[in-house]
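Before any comments, here is the structure.
The values are calculated or read from the model by the stated rules, or taken from the named source; none is laboratory data. Quantities reported herein were computed from a predicted structural model and do not represent experimental measurements. Every residue, glycine among them, receives a Cβ derived from its backbone with ideal geometry; neighbour counts consider all protein chains shown.
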Amino acid sequence: MNKKIAAAVSSAALVLGSTAANAGIIIPAGEWTLDINGNVNAYATHYSMDDTTGVGLALGMDGNEDNTQSINTGLLPAWLGFTATTRQNDLDVSWTISMQPNVSNNGVTGDNGTNGPLWRQAFLTFGDKSWGTVKAGKDLGIFAGNAILNDMTLLGVGAGFGNSGTSTTLGGIGSGYVYPAWKGQITYTTPNFNGFSATVGITNPNQNGGYDTSTGVTTAYQDRFGLEAQAQYAFDAGKVWVSGASYKLRNGNTASSDEWDANAVDVGAAVNFGNLGLVAYYYSTEGVGTTMWGGFGANTGGLGDDGKERDGDGGYLQATYVIPSGTKLGVAYGVSNLDRSSSSDSASTIEENKRWTVGAYHPLTKHLNLVAEYNNIEGSNHNSETAEMDQISLGAILFF
């Protein structure tokens, strides 16, 4: 895949050793070169709960059922992307637009229902290798971007949902890292200095809501642009990185002066020793939550019932190995923790989500991979309530 779609496809294929990380369909178009690229994936997943009441990412099933099934995309949605590049006035110029359709739906007519296609990318870039690159538009967030791109479940399912028709599953989101999300942004990336590079940018926060203790209003606004940055050093055997993000938000209720800071930092490394690949990642947050960048929420939000920030941390460890058949076998353990904001905060707040993943990713052809995964997800809250969910997924992902 070309470098623009790499934010969601190519890097994952490279990490997993797939041979699918090639250019897409290249079409010369006058002064431009158009690259049409993407993937189609689908998985049949069986979910088994130890209880019909869910806790955290260990979801409960509807209708008092403790088993269910779905046919869905995995962590990576089906993808159709268009990138055009050119060289003009000593500048490398490009644009990227992509869409992500579903592969299933629960509607009786099979239409899109409430889960229509996603539009995750629409951005332009310009720059030169001598001074760097500017990006403007919607793309993957900077903070935690490397965490999701190095997650082996990006070619599979990871933690999932019990129903067909959802846009994607969660992979390791909420059980090892916070979702970087797809954000409007203006960023600058330095040239490559013998393996070192850095990216800084202003972004939208994609907040899920604030909280007002007197009225229960859950609409939030940003007091300034979000700030995100990453420094990375790449070498022959892999890379190491550190990134961070900072947002300042306030309650949307004019009668309230509630404000909070949402901050996060992380550090990670991905290295390869022949057929063996290792990933280690750790993050720490304040006022963010466990899964998405969010405000108030009993399960995953960054604010407690008292309107104060909740602290969180977590990470994941992952090991993969390519056997002689070309199949990549992998095992990963991830955890996300969330503290109560104070003793008055709800004890139903999630305390921990943890996940074990065992996967096999086999390149059947140059572009087609067969995938088999087992995921065990356990959630617990500050009331000492727990729930556990097991998932078995079989499917395929095809890159072009």
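Conditions (1) modelled with pLDDT of 85 or more; (2) closer than 22 Å to SER380 by Cα; (3) acidic (Asp, Glu), marked per residue:
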{"site": "THR33", "(1), (2), (3)": "yes, no, no"}
{"site": "VAL40", "(1), (2), (3)": "yes, no, no"}
{"site": "SER48", "(1), (2), (3)": "yes, yes, no"}
{"site": "ASP51", "(1), (2), (3)": "no, yes, yes"}
{"site": "VAL55", "(1), (2), (3)": "no, yes, no"}
{"site": "ASN72", "(1), (2), (3)": "yes, no, no"}
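Any residue at all in segment 94-109 that is hydrophobic (A, V, I, L, M, F, W, C), in contact with a helix residue (DSSP H, G or I) (Cβ under 6 Å, 6 or more places away or on another chain) and at pLDDT below 95? Even if it seems obvious, please write down each step before you answer.
Within segment 94-109, the subset hydrophobic (A, V, I, L, M, F, W, C) is 95, 97, 99, 103, 108.
Now restrict to residues that are in contact with a helix residue (DSSP H, G or I) (Cβ under 6 Å, 6 or more places away or on another chain): none.
Checked segment 94-109: no residue is hydrophobic (A, V, I, L, M, F, W, C), in contact with a helix residue (DSSP H, G or I) (Cβ under 6 Å, 6 or more places away or on another chain) and at pLDDT below 95.
Check whether at least one residue in segment 224-246 is modelled with pLDDT under 85 and polar (S, T, N, Q), and report yes or no. Working first, answer last.
Filtering segment 224-246 down to residues modelled with pLDDT under 85 leaves 224.
Going one step further and asking which of them are polar (S, T, N, Q), we end up with none.
No, because not a single residue in segment 224-246 is modelled with pLDDT under 85 and polar (S, T, N, Q).
When you look at THR320, is it hydroxyl-bearing (Ser, Thr, Tyr), touching a helix residue (DSSP H, G or I) at 6+ places or on another chain (Cβ under 7 Å) and under 30 Å from GLY24 (Cβ atoms), yes or no? Break it down into steps so the answer makes sense when it comes.
Values: hydroxyl-bearing (Ser, Thr, Tyr): yes; touching a helix residue (DSSP H, G or I) at 6+ places or on another chain (Cβ under 7 Å): yes; under 30 Å from GLY24 (Cβ atoms): yes.
In short, yes.
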Strands (runs of 3 or more DSSP E) within segment 336-400 that include 2 or more residues without any contact (Cβ under 8 Å) to a residue 60 or more places away in the chain and out of contact with any helix residue (DSSP H, G or I) (no Cβ under 6 Å at 6 or more places or on another chain): 350-363, 368-381
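Is it the case that GLY287 is small (Gly, Ala, Ser), modelled with pLDDT of 90 or more and farther than 30 Å from ALA237 by Cα?
Numbers: small (Gly, Ala, Ser): yes; modelled with pLDDT of 90 or more: no; farther than 30 Å from ALA237 by Cα: yes.
No; evaluated as a whole, the condition is false for this residue.
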Is it the case that some residue within segment 319-326 is touching a Leu at 6+ places or on another chain (Cβ under 7 Å), over 27 Å from ARG250 (Cα atoms) and not in a strand (DSSP E or B)? yes
Filter segment 66-82 for residues that are over 21 Å from MET49 (Cβ atoms) and either among the basic types (Lys, Arg) or in contact with a helix residue (DSSP H, G or I) (Cβ under 9 Å, 6 or more places away or on another chain) (or both) and give the result. LEU76, TRP79, GLY81
For residues in segment 76-100 being in a loop (DSSP other than H, G, I, E, B) and among the aliphatic types (A, V, I, L, M), which is farthest from PRO180 (Cα to Cα)? ALA78
Restricting attention to segment 342-358, and to residues there that are closer than 14 Å to THR290 by Cβ and polar (S, T, N, Q), which single residue is farthest from the chain's Cα centre (by Cα)? SER348
Have a look at THR327, THR291 and point out the one that is touching a Ser or Thr at 6+ places or on another chain (Cβ under 9 Å) and among the hydroxyl-bearing types (Ser, Thr, Tyr). THR291
Scan segment 313-330 and tell me whether some residue there is at pLDDT 95 or above and more than 28 Å from ASN41 (Cβ to Cβ). yes
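For GLY195, are the conditions met, namely being modelled with pLDDT of 95 or more, surrounded by fewer than 15 Cβ atoms within 10 Å (Cβ to Cβ), on the phi > 0 side of the Ramachandran plot and not polar (S, T, N, Q)?
Numbers: modelled with pLDDT of 95 or more: yes; surrounded by fewer than 15 Cβ atoms within 10 Å (Cβ to Cβ): yes; on the phi > 0 side of the Ramachandran plot: yes; not polar (S, T, N, Q): yes.
Considered against the rule, which asks whether it is modelled with pLDDT of 95 or more, surrounded by fewer than 15 Cβ atoms within 10 Å (Cβ to Cβ), on the phi > 0 side of the Ramachandran plot and not polar (S, T, N, Q), GLY195 comes out as yes.
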Given (1) within 28 Å of LYS135 (Cα to Cα); (2) assigned to a strand (DSSP E or B); (3) under 25 Å from the mean Cα position of the chain (by Cα); (4) modelled with pLDDT under 90, index of the condition ARG250 fails: (3)
The conditions are (1) buried (at least 22 other Cβ atoms within 10 Å of the Cβ); (2) at pLDDT below 95, and GLY81 fails exactly one of them. Which is it? (2)
